[in-house]
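The values are calculated or read from the model by the stated rules, or taken from the named source; none is laboratory data. These figures come from a predicted structure and were not determined experimentally. Neighbour counts run over all protein chains shown; Cβ positions are idealised from the backbone, glycine included. These area figures cover heavy atoms from the full protein model, side chains too; ligands, DNA and RNA do not enter into them. Shrake-Rupley method; radii C 1.70, N 1.55, O 1.52, S 1.80 Å.
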Amino acid sequence: MDAPLSPAVSAEGRYDVIVVGSGGGLIGAYTAASRGLRTLVIEKSSHVGGTTAWSGAGIWLPGNPAILRAGIEDSPAAARAYLDALIGDDAPAELREAYLVSGPPLIEELEANPRFGQFTWRPIPEYYEGRPGFLRKGRTVFPADIARSDLGELEPLVRRPLWTERWGIEPPEQMVGGQALIARALLALMETGNAEVLTSTALTDVIVEDGRVVGIEAVHGDHGDQVDGAPVRFYADRGVLLAAGGFEHNRALREKHQAPITGEWTSGVPSNTGDALAAAVAIGADTALLDEAWFAPGLVTPHGWPLFYTMVWGGVWVDSTGRRFMNERLPYDRAGHEILRRHGEDGVTALPVHWVFDQRQVDAEAFTFLPVDPQLPGWFDADRWLEAGALVRADTLEDLAAQLGIPADGLTETVDEYNGFAREGIDERFHRGEAPWDRMVAAVVGPHTDGPNRCLGVIDQRPYYAVQVVVTDLGTKGGVRTDASARVLRPDGSVIDGLYASGNTMAPALGRIYPGAGGPIGSAMVFSWLAALDMAGATSD
Ligand SMILES: Cc1cc2nc3c(=O)[nH]c(=O)nc-3n(C[C@H](O)[C@H](O)[C@H](O)COP(=O)(O)OP(=O)(O)OC[C@H]3O[C@@H](n4cnc5c(N)ncnc54)[C@H](O)[C@@H]3O)c2cc1C
């Protein structure tokens, strides 16, 4: 390799492009640097990658080359009806159009660099069956794995996997998912020879001169996820891209816009506290959809952190009335929204949800919350969970209800009705097991039963158990309003020259919906790319 790979820590300086945040923002940094623009990435935490590095790195981009290589018939046009029907007026149509048409050229550009390698399509049903344009096989692609050793001296810079940071599990030699995406993007970026990456450096302000954003003020210090060092200024001739994630760990903003969610259950990295959002708003940026997040059910574990999971195996979910209120297998973002909708309705509490199941589930060790499995051997140990209060057990449903503080008649009637559905194979109330997503879960984590509906197993083997489910998120979703080139807008629709936003810092192109696996990272990549193209003076076609 000719170009220097080691990120240099420089003093205050002048660049063409500054990227704030090193998750999806790395795609923008690479795009700019590979076009010869001197690019600075600043990253608040001591590692590169953000929540993107913790993710599975599914990327939802209709009609991209990896989908077509897999022999799937698809195109941006085919997905247009799907997004139009789902998003409606919740986000500007021009944003979703930009999202749709950018997917194929973006993947084509990245695949042209061997550091990115080829992306691979994997079958994951989309999340809204029955909508026009819905694709049963899905439109999600993944980056290629990469050996940790291929990163050389850059390896220690990459944020560790979620399970390493939370449970101390040794990171595997083969980097997969978000680890691989960030590793590949970092390698490609540094090989351009046009980039510097400063970790432990946090944006505090955006510098405006003559109505144009010309740089940023930041603090630099070595404090892991939070930074409070000496202030520094960096200048950018072409523009500043705010790609600093959402405000998932900003309790005040959460309470203001998302109560009862406060942020303590989020699965986003701790450094995402909405700094870029605040800096943009301070210079007049408009915002939208601040009440939104990429929601998911979170299982409350003895470790304290709710575990984001996507695949519910057995049992039923009940609210404070002891009754079901949803298909427990809804795709995770829809499930999160449904819990929040139910919570507070007619005085009902659905936070937490009580997940009630029987001994059969415990025997089957069916707490495999794929695909985000904590990978701890024997991590579900019923005795340990009981001791920690994360699991409740009783010999009868009446006793279980008493321990949970919910009406016994509600719970027994619910389980009776559900068992009838299970024996018949049809969930007449919530249609569990009918959508392709539900059935994929049965295929991946194993059938709940060999009865007529593989997603509906009878609950009748004592003792009975309950765990708590809350609403976690993969990051907040609302943010700074932009145009289709990711340029930040004022409330009157005018552009703030020199300022761009992407990923969870940006108000979402996808509005209130999560169309299929990979919506967040798809959005982060596309709008980082478009911002860099705009700064480079190029266009996507
Ligand atoms: C377990 C898990 C699995 C997931 N799987 C998927 C998946 O398969 N597909 C998908 O699409 N989504 C997935 N997600 C969600 C997705 O990872 C995130 O929503 C997305 O990566 C956010 O990208 P981002 O670039 O906006 O933010 P991030 O990747 O979080 O990057 C933001 C970066 O900005 C930095 N930063 C914050 N403030 C400042 C500041 N003041 N100055 C400088 N830097 C700052 C942060 O430290 C962080 O590194 C998953 C999430 C989790 C937790």
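Listing for the model above:
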{"read-out": "Per-region count, the stretch 499-516, residues within 12 Å of the chain's Cα centre (by Cα) and either of a type in the set (Lys, Arg) or near the ligand (Cβ under 6 Å from one of its atoms) (or both)", "value": "2"}
{"read-out": "Residue list for the stretch 283-294, filter: surrounded by fewer than 24 Cβ atoms within 10 Å (Cβ to Cβ) and in contact with a helix residue (DSSP H, G or I) (Cβ under 6 Å, 6 or more places away or on another chain)", "value": "290, 291"}
{"read-out": "Looking only at the stretch 387-407, and only at residues there that are among the hydrophobic types (A, V, I, L, M, F, W, C) and open to solvent by 40 Å² or more (accessible area, probe 1.4 Å), the one that is farthest from residue 469 (Cα to Cα)", "value": "402"}
{"read-out": "Residue under evaluation residue 280, criteria (1) more than 8 Å from the ligand (Cβ to nearest atom); (2) open to solvent by 10 Å² or more (accessible area, probe 1.4 Å), criterion not met", "value": "(2)"}
{"read-out": "Search result, residues across the stretch 21-37 that are part of a loop (DSSP other than H, G, I, E, B) and within 11 Å of the ligand (Cβ to nearest atom)", "value": "21, 22, 23, 24"}
{"read-out": "Qualifying residue in the stretch 38-56 (condition: among the basic types (Lys, Arg), in a helix (DSSP H, G or I) and either away from the ligand (no atom under 16 Å from the Cβ) or under 24 Å from residue 142 (Cβ atoms) (or both))", "value": "no"}
{"read-out": "Hey, residue 230 touching a helix residue (DSSP H, G or I) at 6+ places or on another chain (Cβ under 7 Å) and over 17 Å from residue 17 (Cβ atoms) or not", "value": "no"}
{"read-out": "Breaking point among (1) among the aliphatic types (A, V, I, L, M); (2) under 25 Å from residue 119 (Cα atoms); (3) in contact with a helix residue (DSSP H, G or I) (Cβ under 8 Å, 6 or more places away or on another chain), for residue 87", "value": "(2)"}
{"read-out": "Qualifying positions in the stretch 408-451 - of a type in the set (D, E, K, R) and surrounded by fewer than 18 Cβ atoms within 10 Å (Cβ to Cβ)", "value": "409, 413, 416, 417, 423, 424, 428, 429, 434, 439, 450"}
{"read-out": "Tabulated pairs, the stretch 152-164, first free of Cβ contacts under 8 Å to residues at least 12 places away in the same chain and closer than 18 Å to residue 269 by Cα, second open to solvent by 50 Å² or more (accessible area, probe 1.4 Å) and away from the ligand (no atom under 16 Å from the Cβ), C-beta under 9 angstrom, 6+ apart or interchain", "value": "164/170"}
{"read-out": "Where residue 419 falls short, out of the listed (1) out of contact with any strand residue (DSSP E or B) (no Cβ under 9 Å at 6 or more places or on another chain); (2) at positive phi", "value": "(2)"}
{"read-out": "Candidate set from the stretch 159-169 (those that are at pLDDT 85 or above and open to solvent by 50 Å² or more (accessible area, probe 1.4 Å)); member that is nearest to the ligand (Cβ to nearest atom)", "value": "165"}
{"read-out": "Positions within the stretch 58-73 being in contact (Cβ under 8 Å) with a residue 24 or more places away in the chain and surrounded by fewer than 22 Cβ atoms within 10 Å (Cβ to Cβ), in sequence order", "value": "63, 65, 69, 70, 72"}
{"read-out": "Of the criteria (1) crowded, with 24+ Cβ neighbours inside 10 Å; (2) farther than 29 Å from residue 395 by Cβ, which one residue 511 fails", "value": "(1)"}
{"read-out": "Test: residue 49 is in contact with a strand residue (DSSP E or B) (Cβ under 9 Å, 6 or more places away or on another chain) and either crowded, with 18+ Cβ neighbours inside 10 Å or under 18 Å from residue 538 (Cα atoms) (or both)", "value": "yes"}
{"read-out": "Leading residue by the ranking (most open to solvent (accessible area, probe 1.4 Å)) among those in the stretch 255-277 that are within 15 Å of the ligand (Cβ to nearest atom) and among the acidic types (Asp, Glu)", "value": "264"}
{"read-out": "Search result, residues across the stretch 289-340 that are touching a residue at least 12 places away in the same chain (Cβ under 8 Å) and small (Gly, Ala, Ser)", "value": "293, 296, 298, 314, 315, 320, 322, 335, 336"}
{"read-out": "Selected residue (only one of 475, 516 is in contact with an Asp or Glu (Cβ under 7 Å, 6 or more places away or on another chain), under 27 Å from residue 306 (Cα atoms) and not in a loop (DSSP other than H, G, I, E, B))", "value": "475"}
{"read-out": "Selection within the stretch 448-487 - basic (Lys, Arg) and modelled with pLDDT of 95 or more", "value": "462, 477, 481, 487"}
{"read-out": "Positions within the stretch 85-126 being closer than 17 Å to residue 517 by Cβ and among the acidic types (Asp, Glu), in sequence order", "value": "126"}
